[in-house]
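The values are calculated or read from the model by the stated rules, or taken from the named source; none is laboratory data. Just so you know, these numbers come straight off a predicted model, no measurement behind them. Cβ: placed from backbone, ideal geometry, glycine included. Neighbour counts: every protein chain shown. The area values use the complete protein model at the heavy-atom level, side chains included, leaving out ligands, DNA and RNA. Shrake-Rupley method; radii C 1.70, N 1.55, O 1.52, S 1.80 Å.
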Amino acid sequence: MTEPVLSVRDLCVEFVTRRGVLRALDRVSFDIGKGEVLGVVGESGAGKSVTGSAVIGLIEPPGRIASGEVLLKGERIDNLSPERLRHIRGKRIGMVFQDPLTSLNPLYRVGEQLVQTIRTHLPLNAAQARERAIELLAEVGIPAPERRIDGYPHEFSGGMRQRVVLALALCAEPELVIADEPTTALDVSVQAQIITLLKRICRERGTAVMLITHDMGVIAETADRVAVMYAGRVAEIGPVRDVVSRPFHPYAAGLMGSIPTLETASERLVQIPGSMPRLNAIPVGCAFNPRCPHTYARCVVERPELLGRGERASGSHDGAGAGHAVACHLYDEPGVDAEALVQRDKVAAAATGSAA
Amino acid sequence: MLAFILRRLFQSALVLLCVGVIAFALFRLVGDPVNQIVSIDTPFEQRQQIRKDLGLDDPSIVQFGRYLVKAARFDFGISYQFRQPVSTLIGERMPATLELTFMAALLSLVVGIPMGVYTALRRGSFLSGVFMSVSLIGVSLPTFLIAILLRWIFSVHLGWLPSFGRGQVVNLGWWSTGLLTVSGIKALILPAITLGLFQMTLIMRLVRAEMLEVLRTDYIKFARARGLSDRAIHFGHALKNTLVPVITIAGLQLGSIIAFALITEYVFQWPGMGALFLGAVQNVDIPVMAAYLLLVSFIFVVVNLVVDILYAVVDPRLRANMQAA
């Protein structure tokens with residue numbers, strides 16, 4: 001693998017509150033390569049959005065990056081001055097937010113917002129910037145862009161607005177696009193269009209994408225690799241096909257087992273018992289231990305490291321690479337076929353669902 | 001847009017008609033006008049004659065029609081107190097009041113908006129704390145107390161500014177202005193501050209609250225994520241959105257500045273309409289009172305119309321609604 005576009009190493013984000021320091025991200029590591037789509041999934045509050053904000057340097061006080069590194073093409077960006085970081089935002093990293101209805105300033109024409117962003121990052125005059133804006137709108141599939149560029153956001157539908165948002169994120173040909181729930185606020189048919197568009201553009205330009213979502217369907221369709229987050233930690237990361245069909249982590253297995261399918265047509269959806277711990281009450285050891293069916297002594301004292309299957313024996317700490325890595329002690333236990341155990345859970349869960 | 005303005009004009013006319021009814025009713029409610037004119041021992045026949053000459057025996061609706069027609073030509077009758085046409089009296093005093101209220105409004109906007117923006121952007125800084133405390137004083141102290149305090153400090157103790165009157169006035173046709181002479185400007189400072197201070201603090205607090213609200217929105221977050229400069233975000237994207245509700249309040253407040261001008265004019269013996277109105281109330285000078293009522297409501301209605309049009313200029317979404325309506 002060549003040098004990744006984005007490399008996050010042991011990133012910790014803390015929020016200092018009156019009741020103490022809350023750790024929203026706890027040693028999160030992952031890489032995204034050129035043209036690769038990394039899906040980030042997890043429940044609400046698992047730290048998906050915080051990860052995106054931390055990468056782009058938009059963690060607002062009282063939050064702060066406590067430790068760890070964010071590298072963009074090998075260059076450290078988490079410790080840059082606000083002014084230098086601003087030049088990276090929009091230029092080298094683009095971001096797309098969840099709700100296209102509120103992401104655009106209602107008082108400015110779409111073209112004004114595009115031209116302003118283009119001219120912030122590229123040395124173009126007003127006419128050239130406008131030309132580029134029209135090209136961008138055409139590229140994201142806005143019909144009659146030379147006319148629509150003078151429209152106001154409220155004159156666009158939700159899907160069209162998300163295309164405009166995408167065009168805004170792509171203004172300066174960023175190397176990385178962070179898409180934070182880009183389809184959650186859209187209806188299903190429009191979702192598919194936006195996802196297809198995002199995928200096509202990134203393939204054509206070789207842009208790396210960090211796709212944050214809780215929609216497993218979107219992940220399965222779009223992502224090359226997927227990271228499963230739980231309570232501010234990466235529980236499992238690997239190629240999307242492997243993680244969806246053969247999850248290693250008990251939490252990931254539960255997550256995949258809870259996807260409703262038409263074939264099993266169950267009356268009750270499968271749930272993982274319990275709920276994610278609050279940030280001020282994350283258990284010692286593995287954060288998932290209170291809900292895990294396989295918890296044993298080691299899980300409640302020692303935090304499992306994120307390690308690739310092949311790396312376990314060597315004990316090296318680089319689980320974030322291209323392989324399939326999991327943070328679970330079961331895989332270190334001699335004589336335990338953890339994979340079979342977890343697979344059985346997933347099947348059993350699905351069976352309970354359809355029986356109920 | 002034109003249809004919208006026409007509809008608003010029609011509504012405005014309706015409002016003014018209602019105020020006209022109230023103004024006209026004043027003449028009826030506050031006793032018989034003939035009694036105001038004649039002396040106690042005027043014989044009955046003579047009274048009847050005056051009544052007939054003045055058209056007071058016509059049906060009310062006819063009299064009301066006549067009143068409106070005359071009011072539309074700025075003929076509000078003769079003041080009982082001054083024995084002069086009301087329109088002349090008001091015409092003489094209106095420039096003083098309008099200059100005062102205009103300066104007060106300008107002061108409150110020019111100082112209030114930047115202070116609001118500053119306190120929103122630099123939350124928790126020392127200067128913000130000072131502004132917020134001062135604004136609390138401005139909101140809670142009554143106008144007359146501020147006026148007396150200002151006079152005590154700047155006129156009595158320091159002797160920098162005059163404590164009453166309008167200073168030297170220059171006549172430009174029918175408009176007399178105090179803005180062209182040093183003494184006129186000096187005389188304007190204290191009353192304008194007195195009148196504008198409350199509005200200024202109100203606008204500052206409003207701008208601050210709105211700005212904080214806008215800074216939390218998604219489009220500001222998205223603007224930051226696109227790497228726009230702080231200046232472009234704060235003064236382009238955020239401030240413009242902040243000003244939408246501020247325009248409404250500022251417009252309505254302009255009306256109340258004119259109303260509050262009564263007290264300020266009285267304290268500073270400012271020769272404006274407010275002083276004229278207070279004199280009219282004391283002397284039951286109904287034509288003046290009625291004309292003042294009509295005039296103030298006319299100003300209110302015009303200001304509201306302007307605010308609505310400004311709204312459409314700032315916010316494109318409203319423009320669309322207007323076209324649809």
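Key figures
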quantity: Filtered residues of segment A:68-95 (kept if of a type in the set (Gly, Ala, Ser), within 11 Å of chain B (Cβ to nearest Cβ) and either part of a loop (DSSP other than H, G, I, E, B) or open to solvent by 30 Å² or more (accessible area, probe 1.4 Å) (or both)); calculated: A:90
quantity: Evaluation of residue B:250 against (1) in a helix (DSSP H, G or I); (2) within 14 Å of chain A (Cβ to nearest Cβ) (one fails), failing number; calculated: (2)
quantity: Residue in segment B:3-12 that is within 30 Å of residue B:319 (Cα to Cα), touching a residue at least 60 places away in the same chain (Cβ under 8 Å) and polar (S, T, N, Q) present; calculated: yes
quantity: From B:124, B:112, B:91, residue being farther than 30 Å from residue A:61 by Cα and in the same structural domain as residue B:268 (by TED's automatic domain parsing); calculated: B:91
quantity: Meets criteria (modelled with pLDDT of 70 or more, part of a helix (DSSP H, G or I) and surrounded by 19 or more Cβ atoms within 10 Å (Cβ to Cβ)) for residue A:330; calculated: yes
quantity: Residue match in segment B:268-283 (condition: in contact with a Gly (Cβ under 9 Å, 6 or more places away or on another chain), surrounded by 24 or more Cβ atoms within 10 Å (Cβ to Cβ) and more than 14 Å from chain A (Cβ to nearest Cβ)); calculated: yes
quantity: Meets criteria (more than 23 Å from residue A:238 (Cα to Cα) and surrounded by fewer than 19 Cβ atoms within 10 Å (Cβ to Cβ)) for residue A:155; calculated: yes
quantity: Failed condition for residue A:147, given (1) open to solvent by 40 Å² or more (accessible area, probe 1.4 Å); (2) more than 8 Å from chain B (Cβ to nearest Cβ); (3) within 27 Å of the chain's Cα centre (by Cα); (4) not hydroxyl-bearing (Ser, Thr, Tyr); calculated: (3)
quantity: Test for residue B:235: is it within 14 Å of chain A (Cβ to nearest Cβ), over 30 Å from residue B:24 (Cα atoms) and open to solvent by 30 Å² or more (accessible area, probe 1.4 Å); calculated: yes
quantity: Residue that is modelled with the highest pLDDT [pool: residues in segment B:68-86 that are in a helix (DSSP H, G or I) and buried (at least 20 other Cβ atoms within 10 Å of the Cβ)]; calculated: B:86
quantity: Residue ID - nearest to residue A:36 (Cα to Cα), chosen from residues in segment A:163-203 that are among the charged types (D, E, K, R) and buried (at least 18 other Cβ atoms within 10 Å of the Cβ); calculated: A:175
quantity: Residues (surrounded by fewer than 21 Cβ atoms within 10 Å (Cβ to Cβ), more than 12 Å from the chain's Cα centre (by Cα) and outside any strand (DSSP E or B)) located in segment A:1-43; calculated: A:1, A:2, A:3, A:18, A:19, A:33, A:34, A:35
quantity: Search result, residues across segment B:211-221 that are part of a helix (DSSP H, G or I), at the interface with chain A (Cβ under 7 Å from one of its Cβ atoms) and farther than 18 Å from residue A:57 by Cβ; calculated: B:219
quantity: Subset of segment B:211-221 [surrounded by 21 or more Cβ atoms within 10 Å (Cβ to Cβ) and touching a residue at least 60 places away in the same chain (Cβ under 8 Å)]; calculated: B:211
quantity: Residue among B:151, B:224, B:208 that is over 21 Å from the mean Cα position of the chain (by Cα), surrounded by 14 or more Cβ atoms within 10 Å (Cβ to Cβ), more than 14 Å from chain A (Cβ to nearest Cβ) and under 30 Å from residue A:83 (Cα atoms); calculated: B:208
quantity: Residue list for segment A:44-55, restricted to those being part of a loop (DSSP other than H, G, I, E, B) and buried (at least 19 other Cβ atoms within 10 Å of the Cβ); calculated: A:46, A:47
quantity: Top-ranked residue in segment A:96-131 [being facing another protein chain (nearest Cβ under 8 Å) and touching a Pro at 6+ places or on another chain (Cβ under 6 Å); ranked as farthest from residue A:172 (Cα to Cα)]; calculated: A:106
quantity: Residues (hydrophobic (A, V, I, L, M, F, W, C) and open to solvent by less than 70 Å² (accessible area, probe 1.4 Å)) located in segment B:113-133; calculated: B:113, B:115, B:117, B:120, B:121, B:130, B:131, B:132
quantity: Residues of segment A:113-144 classified as open to solvent by 40 Å² or more (accessible area, probe 1.4 Å) and touching a residue at least 60 places away in the same chain (Cβ under 8 Å), total; calculated: 1
quantity: Flag for residue A:206 being closer than 30 Å to residue A:343 by Cα, assigned by TED's automatic domain parsing to the domain that holds residue A:166 and open to solvent by 10 Å² or more (accessible area, probe 1.4 Å); calculated: no
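Let's see how each residue does on (1) modelled with pLDDT of 80 or more; (2) surrounded by fewer than 17 Cβ atoms within 10 Å (Cβ to Cβ):
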residue	(1), (2)
B:1	no, yes
B:36	no, yes
B:65	yes, yes
B:88	yes, yes
B:95	yes, no
